[in-house]
1. Here is a list of conditions, (1) among the hydroxyl-bearing types (Ser, Thr, Tyr); (2) surrounded by fewer than 17 Cβ atoms within 10 Å (Cβ to Cβ); (3) within 14 Å of ligand 1 (Cβ to nearest atom), and residue 133 meets all of them except one; can you say which number that is?
2. Given the condition modelled with pLDDT of 95 or more and more than 16 Å from ligand 1 (Cβ to nearest atom), answer yes or no: does some residue in the range 13-20 qualify?
3. Scan the range 266-279 for residues that are within 21 Å of the chain's Cα centre (by Cα) and part of a loop (DSSP other than H, G, I, E, B) and jot them down.
4. Output yes when any residue across the range 64-76 is polar (S, T, N, Q), surrounded by 16 or more Cβ atoms within 10 Å (Cβ to Cβ) and either in contact (Cβ under 8 Å) with a residue 24 or more places away in the chain or within 21 Å of residue 26 (Cβ to Cβ) (or both), and no when none is.
5. Please determine, by comparing only the residues of the range 156-205 that are acidic (Asp, Glu) and in contact with a Pro (Cβ under 9 Å, 6 or more places away or on another chain), which one is surrounded by the most Cβ atoms within 10 Å (Cβ to Cβ).
6. From the list 35, 11, which one is in contact with a Ser or Thr (Cβ under 8 Å, 6 or more places away or on another chain) and among the aliphatic types (A, V, I, L, M)?
7. Can you say whether residue 73 is over 21 Å from residue 123 (Cβ atoms), at pLDDT below 95 and away from ligand 1 (no atom under 12 Å from the Cβ), as far as the supplied structure shows?
8. Of all residues in the range 198-228, how many are in contact with a helix residue (DSSP H, G or I) (Cβ under 7 Å, 6 or more places away or on another chain) and small (Gly, Ala, Ser)?
Amino acid sequence: MMADRIPTPVLMDVDTGVDDAMALALAWTTPQIELVGVTTVAGNVTLDQATTNTLRVLNTIGATDLPVYRGMNRPLVRDHFDAAHFHGNDGLGGAKLPDRDRSVEAMTAPEFIVQSARNYQGSLTLCFVGPLTNLAVALSLAPDLPQLVDRVVIMGGAFQVPGNATPTAEFNIAVDPEAADQIARSNFDVTWIGLDVTHSTKLYSEEWKQMSDAVSGGTKIVRDVCRQAFVDRAEGSMHLHDPLAVGVVLDQSLVEVERAPVQVDTSVRTTAGATRMMKSAARPDQNVAIKVDSRRFRQMFGRLLNVPIDDRE
Ligand code: BDR
Ligand code: CA
């Protein structure tokens, strides 16, 4: 039985973000995950905004004591660019979530990642749903980090499908290709959850429209952060990119993976940030998700966050 299992300790790194907000809500809601802390990074919005948004989301879901650590405010090498066109200028699609007198921890995100890995002695899962800057810096601080954590689940990449930030690159990787390249070359037990699978994992507007306004906690997150997309922009569906990464933390069998060395384009060409599976290379094989049981994931999402999900894929 799911509820009887010992919860998996998980550290989440976010650039909150509409779908990051839903991912946090999902991770907090399930008893199978023990969230040990949340780290923030510049991505969808600036680091300051991502951190403010994270605190607001955590206030809304009742995770008021969960520690939050600020990370890197820019990519390793390149200038930062955001995704405000999708997430709204505030990153939360205009959702008015409660602000509370609450501050972040003094330690930086990469330091907290290393400290947590040591504390949990090999049992910690890292779930990264933004650019990989904090993980690359943590790896520089502690080159033995791959041996100190259980596994890393990353929302990022577009392996056999077009990108969304550029024709070839997915946003999280396009923002910081050099950081992603370091993770691709590392010995972490990585599962890449790219657009190959997240583009077939959606929340539909008809489902969202059945939700009541009088909801709270994680359900309120889904209700409030999707309004701009479903009402103002009249979109028919929304990709559940970051929530799917949390789903895979909970149940790896949701995705079918191919094992291969991963290459990240770090050139200054327009293809920067593109990811692909290599035939062979002097780097470890990693897991690249190529298929998803989206129906099963959508049911999981609906059950945990109390969202009316139909039986579509
Ligand atoms: C990824 O980019 C961000 O905009 C989303 O939050 C998600 O992590 C999807 O490409
Ligand atoms: Ca994200």
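1. (2) is the only condition that residue 133 fails.
2. No.
3. Matches in the range 266-279: 272, 273.
4. no
5. My answer is 176.
6. Numbers: 35 fails: in contact with a Ser or Thr (Cβ under 8 Å, 6 or more places away or on another chain).
Just one listed residue meets the conditions, 11.
7. no
8. Final tally of qualifying residues: 4.
The values are calculated or read from the model by the stated rules, or taken from the named source; none is laboratory data. This is a predicted model, so every value here is computed, not measured. Here the Cβ is made from the backbone with ideal geometry for all residues, glycine too, and neighbour counts use every protein chain on show.
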